[in-house]
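Trainee: So that we are looking at the same thing, I have put the structure below in structure tokens.
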Amino acid sequence: MSGAHLLRRLLLAIPSVLGISIVLYGVLALAPGDPLGELVSNPNVPASVQAAMRASLGLNDPIWLRYVHWLFAMLRGDWGFSFVSRIDVDRLILQRLPVTIVVIGASQILAILIALPVGVLAAARPYSVFDQVANTIAFIGFSLPTFFTGLLLILVFSIQLNWLPFVYRADLNSTGLAWWGEEIRQSIMPVAVLGLFQGASLVRFVRASVLDVIKLDYVTTARSKGIGARRVMLRHVVRNALIPVVTLVALQMPVVFGGAIITEQIFRVPGIGSLLITSILSNDTPVVMGVTFVFAALVILFNLIADILYGWLDPRIAFR
Amino acid sequence: MAGLIPASLSAEEGPALAGVDAPAPLAVSRARSVPPALEAWRRFRKHRLAVVSVVVLLLLIGAILVGPALWAVPIDDIDFGAKLQGPTAAHPFGTDDLGQDLLARLLYGGRISLAVGVAAMLVAVFAGLLVGAVSGMASGPVDAALMWLTDLFLSLPQLPLLLLVIYLFRDALSRALGLEGGVFVLIVLVIGGLRWMPVARLVRAQFFSLREKEFVEAARGLGASRLRLVVHHILPNALGPVIVAGTIEVANAIIAESTLSFLGLGFPPDTPTWGRILFDAKDYLDIAPHWALFPGAAIFLAVLSINFIGDGLRDALDARRVV
């Protein structure tokens with residue numbers, strides 16, 4: 001893994017960010033009305049003042065110029081302010097972002113913890129009873145939409161059993177260990193909903209990847225040297241089979257963010273997903289644009305991390 | 001969503017495996033030659049869950065198509081005397097907070113949910129076929145540009161973008177096409193427009209391997225035009241994986257539509273799609289769990305059976321995947 005490879009990957013991410021920003025700005029610009037011009041179209045403002053404001057806001061400029069202005073403003077961190085709460089958009093998002101990252105991170109770890117052993121065991125004995133049961137459960141797992149699993153969990157664990165709270169509270173008033181206990185208790189269901197869904201789709205990827213590696217010659221060599229089945233599996237097969245799984249986890253990130261929006265909405269987790277929904281419902285365009293842009297940037301960031309990890313795990317890649 | 005990656009991975013290894021099959025002795029393959037459709041059906045039949053799923057899905061579609069004629073209860077008949085009731089003889093699936101009959105609403109909503117699923121799939125498959133075919137035939141800079149676009153779309157955060165587009169365009173389209181029609185067209189176009197990439201990649205990979213095959217070479221030698229090569233020779237042979245991907249796309253589109261409705265941003269409140277019924281029911285989980293369970297189960301059954309059918313079709317149509 002060389003520095004040049006790293007640099008090349010970083011440079012390759014720039015056109016993607018630009019492309020996504022063009023798509024986002026294009027959608028905004030094609031939209032009817034003046035989504036960003038709430039103040040300008042206020043009927044209490046006289047027409048001459050409106051025209052002056054439009055000119056000063058640059059709304060009369062050609063579209064590419066407006067895009068460039070917008071892009072540079074975004075890059076400078078000048079994301080405008082929320083129409084509703086009158087707070088800077090970047091501050092609002094930064095307040096909400098950590099919760100989302102924690103929930104997504106925890107659910108990804110849960111997904112990998114489930115998918116790895118199950119997928120490897122299923123691939124060790126393809127078409128066995130275990131494999132078929134695991135495959136069927138995985139199908140059920142990713143056919144259950146997250147919004148329905150969330151409601152089911154609430155129904156069982158909050159309403160029937162009364163074990164877990166179904167509203168995530170950001171303002172817990174306990175401290176120390178008790179705070180951690182409460183925090184974990186209220187995070188269990190959102191993390192489980194996302195993690196189980198992700199785990200179900202990952203199981204099949206892990207299984208397919210292990211099956212691809214297991215038939216390679218070097219595995220046969222290892223076996224014929226008399227190395228035990230378990231050791232061949234863990235030291236020889238799984239290590240190499242995991243390389244494509246890293247990419248697949250990153251490619252799934254857009255789906256994961258979608259799932260996070262839904263779970264945050266169901267359990268009222270105060271992350272950027274629920275911020276997106278509330279700002280859409282209250283016509284708060286700067287916040288909607290900001291959050292969508294952050295989601296897009298996060299997806300690219302994860303793709304980049306996966307690329308770099310991939311180059312590090314598989315030295316053959318860097319020489320291409 | 002989930003079927004995307006293994007399928008596209010295997011498409012890449014396609015040429016190598018297909019090359020192995022080719023030199024099989026002609027006499028043997030002729031001796032047990034069966035029509036390809038029959039052969040595919042034989043393979044499909046081996047996937048028991050897929051066959052069960054076909055029955056389940058057909059029952060579901062039948063209920064949705066014929067049901068409203070048999071169960072002629074109006075979907076918006078408000079009866080506060082019977083509100084939030086569990087399943088009874090008068091209301092087999094219970095009622096909601098306005099006393100509206102849930103069975104009737106589910107049957108009506110199913111039509112919309114499934115129609116959105118199929119229509120969005122058609123949009124996605126059409127766009128994917130177009131991009132994939134152009135990219136697969138053109139190669140060079142056109143191919144590179146189209147694949148860059150495909151990768152770009154793959155890394156767009158879909159749900160946020162879906163929400164953004166619907167937020168910005170809903171009012172204008174509703175004014176132009178009517179409330180339900182506008183939302184329907186918008187949702188179908190946006191879901192389809194954000195889901196064509198897997199199909200495009202599959203088609204491109206298929207085209208890359210097929211266009212070098214001898215039978216295509218022969219047709220080209222006989223003077224077939226490019227369009228004829230694509231439409232008559234390459235496309236029919238590339239369709240198997242596309243059908244599989246398209247099937248799974250229907251399930252994804254149903255989930256996407258239900259998600260939008262569940263977030264309160266899909267169809268208008270008085271249109272009872274399955275997701276919308278869940279959205280309304282989620283605040284009454286403690287006193288009327290049946291209200292959420294029935295639409296949730298409907299979405300789950302539809303999606304699960306379509307996914308299983310897709311898996312069975314993969315066994316049936318994607319011959320190289322059969323071990």
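Taken together, the values in this text are just the output of simple stated rules run on the coordinates, not laboratory data. Please read these numbers as outputs of a predicted model, since none were measured by experiment. When we count neighbours, we look across all protein chains shown, and the Cβ atoms used for this are built from the backbone with ideal geometry, even at glycine.
Trainee: Where in region A:75-150 are there chymotrypsin sites (Phe, Trp or Tyr not before Pro) that are in a DSSP coil and have at most 14 other Cβ atoms within 10 angstrom of their Cβ?
Mentor: The qualifying sites are A:Tyr127.
Trainee: What percentage of all Cα-Cα pairs in chain A are separated by more than 29 Å?
Mentor: That tail contains 52 percent of the Cα-Cα pairs.
Trainee: Can you show me the helix-derived [θ] at 222 nm for the protein assembly as shown, built from DSSP H runs with n ≥ 4 at -39,500 (n - 2.57) apiece and divided by the number of residues, rounded to the nearest 500.
Mentor: That comes out to -24000 deg cm²/dmol.
Trainee: Going Cα to Cα from A:Lys225, which aspartates and glutamates come in below 14 Å? Please leave out same-chain ones fewer than 8 positions away.
Mentor: A:Asp217
Trainee: Using Cα centres only, tell me the gap between region B:220-276 and region B:137-157 in whole Å.
Mentor: Cα centres, region B:220-276 to region B:137-157: 19 Å.
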